[in-house]
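What follows is a set of notes on a single structure, which appears directly below.
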Amino acid sequence: MNGPFLLEAKTIAREMNRMLPGCFLLCDVAKVVRSVGRAERELPTDLLARVGGKDAVWFYYEYTQNAKQAFELECQYYHRHFSTLTKRFHPKRPEGKDWTCSVGCGYK
């Protein structure tokens, strides 16, 4: 993962120059992971939509080659950081896909 970076539009524009799928972690002021997410198409665009949120100050990101890899990576980070997340709902797969959790937790 790349980061941590301040969750600001100018930082996203400077650090992220590829419009690809990927996964991100949003962190509080102490850099504790509070949220895990993914973008199925354009990671920078999805992160820009989260600028100005009340809890996220820092972010980490990782590009993937496709939406399935982004989902699998999100599942891995969800399980790794479960204890610090503010919302503990397993990542949902895209509609119409039968992908299962890459960690093997049984999510279907």
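The values are calculated or read from the model by the stated rules, or taken from the named source; none is laboratory data. Here the structure is a predicted model, which means the values were calculated and not measured. All Cβ positions, even for glycine, are placed from backbone atoms using ideal geometry, and neighbour counts span all protein chains on display.
Sub-7 Å Cβ pairs linking a first residue in the range 74-95 that is touching a residue at least 40 places away in the same chain (Cβ under 8 Å) to a second residue that is in a loop (DSSP other than H, G, I, E, B) and not charged (D, E, K, R), at least 6 apart or interchain, are GLU74/PRO91; TYR78/HIS90; TYR78/PRO91; THR84/VAL32, ordered by first then second residue. Here's a check for you: in the range 64-99, which residue that is acidic (Asp, Glu) and part of a loop (DSSP other than H, G, I, E, B) is farthest from LYS10 (Cα to Cα)? If we take residues in the range 64-99 being acidic (Asp, Glu) and part of a loop (DSSP other than H, G, I, E, B), then ASP98 is farthest from LYS10 (Cα to Cα). One residue is enough: does the range 6-17 have a residue meeting the conditions assigned to a strand (DSSP E or B), surrounded by fewer than 17 Cβ atoms within 10 Å (Cβ to Cβ) and either in contact (Cβ under 8 Å) with a residue 40 or more places away in the chain or among the aromatic types (Phe, Trp, Tyr) (or both)? Within the range 6-17, one or more residues are assigned to a strand (DSSP E or B), surrounded by fewer than 17 Cβ atoms within 10 Å (Cβ to Cβ) and either in contact (Cβ under 8 Å) with a residue 40 or more places away in the chain or among the aromatic types (Phe, Trp, Tyr) (or both).
Within the range 38-60, track down each residue that is farther than 19 Å from CYS101 by Cβ, of a type in the set (D, E, K, R) and surrounded by 17 or more Cβ atoms within 10 Å (Cβ to Cβ). Result: ASP46, single match. For the range 36-63, the set of residues classified as part of a loop (DSSP other than H, G, I, E, B) and closer than 21 Å to THR86 by Cβ consists of ALA49, ARG50, VAL51, GLY52, GLY53, LYS54, ASP55, ALA56, VAL57, listed by residue number. Scanning the range 39-59 turns up at least one residue that is in contact (Cβ under 8 Å) with a residue 12 or more places away in the chain, touching a Pro at 6+ places or on another chain (Cβ under 8 Å) and of a type in the set (Gly, Ala, Ser).
Every residue, every condition in (1) over 22 Å from ASN66 (Cβ atoms); (2) of a type outside the set (A, V, I, L, M); (3) at pLDDT 95 or above, yes or no:
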site: ASN17; (1), (2), (3): no, yes, no
site: PRO21; (1), (2), (3): no, yes, yes
site: LEU25; (1), (2), (3): no, no, yes
site: VAL36; (1), (2), (3): no, no, yes
site: ALA39; (1), (2), (3): no, no, yes
site: PRO44; (1), (2), (3): no, yes, yes
site: LEU47; (1), (2), (3): no, no, yes
site: GLY52; (1), (2), (3): yes, yes, no
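Scanning the range 85-108 for residues being among the hydrophobic types (A, V, I, L, M, F, W, C) and exposed (fewer than 10 other Cβ atoms within 10 Å of the Cβ) gives a total of 1.
Any residue that is among the β-branched types (Val, Ile, Thr) and either surrounded by fewer than 17 Cβ atoms within 10 Å (Cβ to Cβ) or in contact (Cβ under 8 Å) with a residue 60 or more places away in the chain (or both) - is there at least one of those in the range 61-72? Within the range 61-72 (the criterion being among the β-branched types (Val, Ile, Thr) and either surrounded by fewer than 17 Cβ atoms within 10 Å (Cβ to Cβ) or in contact (Cβ under 8 Å) with a residue 60 or more places away in the chain (or both)), the answer is no, since none of the residues qualifies.
Quick check, is LEU26 in a helix (DSSP H, G or I), of a type outside the set (Asp, Glu) and closer than 22 Å to ARG88 by Cβ? Judged against the criteria, LEU26 is not a match.
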